[in-house]
Every structure is written in C-alpha cells, then in structure tokens.
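Enquirer: I am attaching a structure below and will ask some questions about it afterwards.
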Amino acid sequence: MKILITNDDGIYAEGLFAMAREISKIAKVTIVAPDRERSATAHAITMHKPLRVERVNLHDCHVESWMVNGTPSDCVKLALDALLNDVPDLVLSGINRGPNLGTDVIYSGTVSAAIEAAIYGIPAVAFSVAAYENVSYDYPARFARKLCVSVMEKEFPKDTLLNVNIPPLDEEDIAGVLITHLGSRKYKNCFDRRQDPRGKTYYWLAGEAVEDLDDTGSDVWAIKNNYISITPIHFDLTNYEVIDTIKQWELKP
C-alpha cells in the first residue's frame, strides 16, 4: 500500500511526524508538505510565482520527504502530477494541531489538501486533534493507522473525503466513534486596530468561536462529548434542492 501524507502545519510539525511513523508500519509513505505553516489557506494554489521543491531528511521519520514553498493543495497537486512515480492508494492530511469542525472546513488547509486528492479520485482523510496546547499525537496517530486499514478494506465513497477530529484525551477516555455531519462553528470576528511605527493603521484579526452545542450528531457535538468525529464531505457544493425553485424564476439573458 502506498500513502501520501501532507499537512498545513508545515513539514516539521510534530503531528506529521507522529502520523508518518505510525503509517509507515502498514504502508510505503511519501511526505510532500509545505516548508512552513500554511494554516487557513483554504484551497489556494500558487499561480504567480515558481513552486520550489526540496528533498529533506526528517529526524526519526525515515521516509521519502519533500518540502514545497506552497500551500497544502499545491503539495498534493505537485505530488500527484510531478513528484510521485505511482498514484498513491490513499492521501492523508495532518495530524493538524487544532480542530477542523463545522464551517472551519471552508478555511482549512488540512481539509483542502484532502479535497484536492478527492478531486483526483483518490481516497483521502484529514485528521485533526481538537486542541492547541500540550497536544499529544500518540493516540491520534494510532487511530489514524487503524482507520487507514479499515478504509482500504472497504469501498471508499466516490468524490468524498473523511474529515476526522479527535478529542485531546487518553485512549481510555474516548467515548467512542461517531459518523457525523458538519456542525455550526462561527466566529465573532474582532479586528484589533493598531498603528505601526510609521503611523500607518493596520488590523489584526482575532475571533471567538461560537458553537451550536445542541446539534446532536454534529462534529461539534461529538467533540464536546468526547467522541471521535468522522464526517464524510462531498466537494460538490451544488444545492440540488433549490435548482427547480430557481428555474421557476424564468430568468432571461
């Protein structure tokens, strides 16, 4: 089995190391990841400057590894179109530091890398730990390995990726695994207005997450109740239910 691993936290991220070590036990792993953190880049690709690729040797992670001065989506496109000799059986993205829940998936570089693989018709899974501080990747990496084995034994849904969020808990404290839908996770955006030493105004974006914790069966609800959340995501954004409604508008050129 051949597996490509990428992320948006950068090629030297601890979560990537942990997953690569575990996945190497069951597959031939290749890493193609950004040269630095590229969080919240969504599905951006680089078109107006060269993409530079460099082989790297990662300590304690003895797999073929490349770093790219681009986005997570760049990494997957480059790997599949230029770097790899064989098409991987599976593409993994992560393990991300911090959750990717609800509408966060729209902004997430982690999830977008998996979407890029799905566009190519390759099964893909994005992994995140729902914490930012004192994160342990040991159990999430082991769960990623077990899930990969299960995925490869099943018929993977077409044009779909799995978005996995794991509570920051010890294995024995995990309540279970739920197949979920995307919940509601919005932000009270707060722009901090500042001035630089030359008197020019600039803004620093921050935000407080506002979650719907009563949406039972959502990924947000699952994490808050100590479950691992697995959400199947389809990248076709068409709202088919309203096509006939809009046709009734009888729009003319």
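Enquirer: Can you list the trypsin sites (Lys or Arg not before Pro) in the stretch 146-197 that are in a DSSP coil and have 16 or fewer other beta carbons within 10 angstrom?
Expert: On the way: sites: Lys146, Lys154, Lys158, Arg185, Lys186, Lys188, Arg193, Arg194; in loops: Lys154, Lys158.
For trypsin sites (Lys or Arg not before Pro) across the stretch 146-197 that sit outside H, G, I, E and B with at most 16 neighbouring Cβ atoms in 10 Å, the list reads Lys154, Lys158.
Enquirer: OK, next. For the chain, calculate the relative contact order in percent as a whole number, restricting contacts to Cα pairs under 8 Å that are 6 or more residues apart. If you can, show how the numbers build up before the last one.
Expert: On the way: 549 pairs, mean separation 44.1, N = 253.
After rounding, I find 17 percent.
Enquirer: Something else now. So, by mean Cβ neighbours within 10 angstrom, what's the order for 164-176, 73-85, 6-18 with the highest one leading?
Expert: On the way: 164-176: 16.1, 73-85: 19.8, 6-18: 23.0.
Result, highest mean Cβ count within 10 Å first: 6-18, 73-85, 164-176.
Enquirer: For a Förster distance of 51 Å, can you work out the FRET efficiency between the beta-carbons of Lys28 and Lys247, rounded to the nearest 0.05? Don't jump to the answer; show the numbers that get you there.
Expert: Details: r = 50 Å, r/R0 = 0.97.
Result of the calculation: an efficiency of 0.55.
Enquirer: Can I ask one more? 222 nm [θ] for the chain, helices only, -39500 (n - 2.57) per DSSP H run of 4+, per residue, to 500? Walk me through the numbers before you get to the answer.
Expert: Details: 7 runs with 59 residues, N = 253.
Helix contribution divided over all residues of the chain: -6500 deg cm²/dmol.
Enquirer: List the GluC sites (Glu not before Pro) in the stretch 198-253 that DSSP assigns to loop (not H, G, I, E or B) and whose Cβ has at most 14 other Cβ atoms within 10 Å. Which are they? Walk me through the numbers on the way to the answer.
Expert: Details: sites: Glu208, Glu211, Glu241, Glu250; in loops: Glu250.
Within the stretch 198-253, the qualifying GluC sites (Glu not before Pro) (loop, at most 14 other Cβ atoms within 10 Å) are Glu250.
Enquirer: Which distance in nm do the two modelled labels at Ile106 and Phe191 give, with both placed 7 Å along the Cα-to-Cβ direction?
Expert: In this crude spin-label approximation the distance works out to 1.8 nm.
Enquirer: In the chain, which helices (entire DSSP H runs) extend 18 Å or more along their own long axis, judged by Cα positions, while averaging at least -0.5 on the Kyte-Doolittle scale?
Expert: Details: long enough: 138-153 (23 Å, -0.04).
Helices passing the filter in the chain: 138-153.
Enquirer: In whole angstrom, note down how far apart the Cα centers of the stretch 5-83 and the stretch 206-236 are.
Expert: After rounding, the separation between the Cα centres reads 26 Å.
Enquirer: Using the alpha carbons of the chain, what is the convex hull volume per residue in cubic angstrom, as a whole number?
Expert: Details: hull volume 50.7 nm³, N = 253.
Per residue, the Cα convex hull of the chain comes to 200 Å³.
Enquirer: May I pose another question? Count the DSSP beta bridges whose two residues both fall in the stretch 58-162, then state the antiparallel fraction as a percent rounded to the nearest 5. All intermediate terms of the calculation are to be shown ahead of the outcome.
Expert: Values: 1 of 8 bridges.
Antiparallel: roughly 10 percent of the beta bridges in the stretch 58-162.
Enquirer: Write down the percent of antiparallel bridges among all DSSP beta bridges whose residues are both part of the stretch 1-103, to the nearest 5. Walk me through the numbers before you get to the answer.
Expert: On the way: 5 of 18 bridges.
Counting DSSP beta bridges with both partners in the stretch 1-103, the antiparallel share is about 30 percent.
Enquirer: Now for a different question. Which of Phe235, Phe156 has the fewest other C-beta atoms within 10 Å, and how do the rest follow up to the most? All intermediate terms of the calculation are to be shown ahead of the outcome.
Expert: On the way: Phe235 15, Phe156 18.
Listed from fewest to most nearby Cβ atoms, that is Phe235, Phe156.
Enquirer: Only loop residues by DSSP count here, and only those with at most 13 other Cβ atoms within 10 Å; note down the GluC sites (Glu not before Pro) in the stretch 88-168 that meet that.
Expert: Details: sites: Glu116, Glu133, Glu153, Glu155; in loops: Glu133, Glu155.
Here the sparse-neighbourhood loop sites are Glu133, Glu155.
Enquirer: Can you say what percent of the DSSP beta bridges in the chain, counting only those with both residues inside, are antiparallel? Round to 5.
Expert: Working: 22 of 51 bridges.
Roughly 45 percent of the beta bridges in the chain run antiparallel, per DSSP.
Just so you know, all these numbers are worked out from the coordinates, no wet-lab data involved. Note that this is a predicted model, so its numbers are computed, not measured. So basically every Cβ, Gly included, is an ideal-geometry build from the backbone, and we count neighbours across all protein chains shown.
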